[in-house]
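A quick write-up on the structure given underneath.
The values are calculated or read from the model by the stated rules, or taken from the named source; none is laboratory data. Owing to the predicted nature of the structure, the values given are computational and were not obtained by experimental measurement. Cβ: placed from backbone, ideal geometry, glycine included. Neighbour counts: every protein chain shown.
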Amino acid sequence: MGNPGKISHLVIAGGGTAGWMAAAFFSKLFAPHQMRITLVESAEIGTIGVGEATIPPITFFNELAGVDEAEMLSATQGSFKLGIEFVGWRDPDHRYLHPFGSYGGPINGVSFHAYWLRARKLGYRPDLSEFSLSALAAKGGRFDWRVDDPRDPRTTMAHAYHFDASLYAKLLRRIAEGRGVRRLERTIRAVNLDPLDGTIASLLLDDGQALEGDFFIDCSGFRALLIEGALGVGHDDWSALLPADRAVAAPSTRYEDPVPYTRATALTAGWQWRIPLRHRTGNGYVYCSDHIGDDEAADVLLANLAREHPDNRPEAEPRFLRFKTGRRKQSRVKNCAAIGLASGFLEPLESTSIHLIQHGLIKLAASFPQARNDPAAADLYNRIMGQEMEQIRDFLVYHYHANGRVGEPFWDRLRHMPIPDSLREKIELFRTRGLTIFPDQTIFQEPNWLAIMMGQGQEPEGYDPLADLMDERALYATLEHMRAVCRRVVDQMPRHGRVLERYADKPVTA
């Protein structure tokens, strides 16, 4: 990355998952003599956990931050994740899986699903999931890693994790402090701005200390103490598109081996998450307060846990969270960048909260400031982060917009709501020709959109005409060969529970 120039002291305001991810990441990037890193967190201020599930880019972040997978799984009571199962979104009894990785493989340079759609028009019945190793493994309770060998079908796989986010933060803290990051347990009482250029000069702490820094990372959660409280960047409200504004969470006992996928079950006024860890199960109900009260939401969640299994008992009292979907108008301004909840919030339906933390950190490193005030780098960063959040927003909105739960006020409202033009264009491209390659794709790409669009019952009218170039007999033979290979490879994979046993007592060396 080169010489950091005038930036030699990085101050992180807030701990939790976001703060310690930032500390671990930048302490790996810079040697102690290149950058002083100070993190300020207060024991008075609790952290907000919006979920314990991740998506595949977490593996790349851990590699960059120097976090060993085996140690992380052991330290966080983690399990592997191959996708997300959606229950009741199309209708109350329907379920489908959004798997990680890809389906089949390109044929003559054309996307696999174009051939599958053509065969489907001809009466071919095998489901799309039968061509995904991640989907088959997830539903079969198996797991294996991606293989970087184009001759091996496992090259189409990808995985993420379920873990206890508070334990993940503790692990990252040990790693970061081991690399020289200084932690101050203090409360920030005020933010002092430079009277000449409006940059942040220092943080006034509760012991009277003025903590000076060159660049500040705001990890203060929804309070957004620096980016909003001090710099007043403003907020874009997306609650009209994603109106869920509350969540109630309750961990429960583990009564079976963890399955390698998250579950999102549609309910009357929102949806319920289920995240299987090694020591317990994470549960929660994300809901809209216009359609259900807090007490009733908690009652529904606890009743569903009891209904799921007699041994599925709550391990703590229900905990309530309030939020508003949206983002800061700028995630980076002057000498401050907001990471995590301080920059905005998108509900955890597709497990993107931790992704947005890591994406923000990686893009901040790629556009690291050359001086305390670097407006060109800030503009680039804001454009990148804005596009990322809009992509995720559209992906989440589609789940609600394409629902089939007719006759329920919450779901009827969302099915008929106005949607962004960017999402309307995607829907039309898929409807007319089955196209899921859209502009500016980063996190959610062709197989992700394909999974949810087909899963929600959006049958396209057409497909890529290049798929018609293959002889019909060869088409069936090719698809059946791919299908058989997927089944054979998955049958040879180890059970997910057996894989996790390898990490049960892995020592943490950080």
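Remarks
- Subset of segment 145-176 [among the hydrophobic types (A, V, I, L, M, F, W, C) and more than 14 Å from Glu71 (Cα to Cα)]: Trp145, Val147, Met157, Ala158, Ala160, Ala165, Ala176
- All of (1) in contact with a strand residue (DSSP E or B) (Cβ under 9 Å, 6 or more places away or on another chain); (2) surrounded by fewer than 12 Cβ atoms within 10 Å (Cβ to Cβ) hold for Pro447 with one exception: (2).
- In segment 352-405, residue farthest from Ala269 (Cα to Cα) [restricted to those that are among the hydroxyl-bearing types (Ser, Thr, Tyr) and within 21 Å of the chain's Cα centre (by Cα)]: Tyr381
- If you go through segment 435-456 and keep only what is part of a loop (DSSP other than H, G, I, E, B) and either at pLDDT below 95 or farther than 28 Å from Asp93 by Cβ (or both), you end up with Leu435, Thr436, Ile437, Phe438, Pro439, Asp440, Gln441, Thr442, Ile443, Gln445.
- Residues in segment 150-187 that are surrounded by fewer than 18 Cβ atoms within 10 Å (Cβ to Cβ) and among the β-branched types (Val, Ile, Thr): 2 in all.
- Residue within segment 485-504 that is modelled with pLDDT under 95, surrounded by fewer than 16 Cβ atoms within 10 Å (Cβ to Cβ), β-branched (Val, Ile, Thr) and over 24 Å from the mean Cα position of the chain (by Cα) present: no
Quick grid of which residues meet (1) touching a residue at least 60 places away in the same chain (Cβ under 8 Å); (2) of a type in the set (Asp, Glu); (3) surrounded by fewer than 20 Cβ atoms within 10 Å (Cβ to Cβ):
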{"site": "Asp194", "(1), (2), (3)": "no, yes, yes"}
{"site": "Ile200", "(1), (2), (3)": "yes, no, no"}
{"site": "Leu205", "(1), (2), (3)": "yes, no, yes"}
{"site": "Phe215", "(1), (2), (3)": "yes, no, no"}
{"site": "Cys219", "(1), (2), (3)": "yes, no, no"}
{"site": "Glu228", "(1), (2), (3)": "yes, yes, no"}
{"site": "Gly232", "(1), (2), (3)": "no, no, yes"}
{"site": "Trp238", "(1), (2), (3)": "yes, no, no"}
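- Only a single item in (1) at pLDDT 95 or above; (2) under 20 Å from the mean Cα position of the chain (by Cα); (3) of a type in the set (D, E, K, R) is not met by Asp421, and it is number (2).
- Selection within segment 89-109 - among the polar types (S, T, N, Q) and surrounded by 20 or more Cβ atoms within 10 Å (Cβ to Cβ): Ser102
- Among the residues making up segment 358-405, those that are closer than 22 Å to Arg263 by Cα and hydrophobic (A, V, I, L, M, F, W, C) are Ile392, Phe395, Leu396, Val397, Ala402.
For (1) surrounded by fewer than 22 Cβ atoms within 10 Å (Cβ to Cβ); (2) of a type in the set (Gly, Ala, Ser); (3) over 27 Å from Phe143 (Cα atoms), each residue gets a yes or a no:
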site	(1), (2), (3)
Val248	no, no, yes
Glu256	yes, no, no
Trp271	no, no, no
Arg274	no, no, no
His279	yes, no, no
Tyr285	no, no, yes
Ser289	yes, yes, yes
Ala297	no, yes, yes
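- Residue list for segment 401-460, filter: in contact with a helix residue (DSSP H, G or I) (Cβ under 7 Å, 6 or more places away or on another chain), of a type in the set (Val, Ile, Thr) and under 26 Å from Trp116 (Cβ atoms): Thr436, Ile437, Thr442, Ile443, Ile452
- Those strands (runs of 3 or more DSSP E) of segment 306-405 in which 1 or more residues are touching a residue at least 24 places away in the same chain (Cβ under 8 Å) and in contact with a Leu (Cβ under 6 Å, 6 or more places away or on another chain) occupy 336-338.
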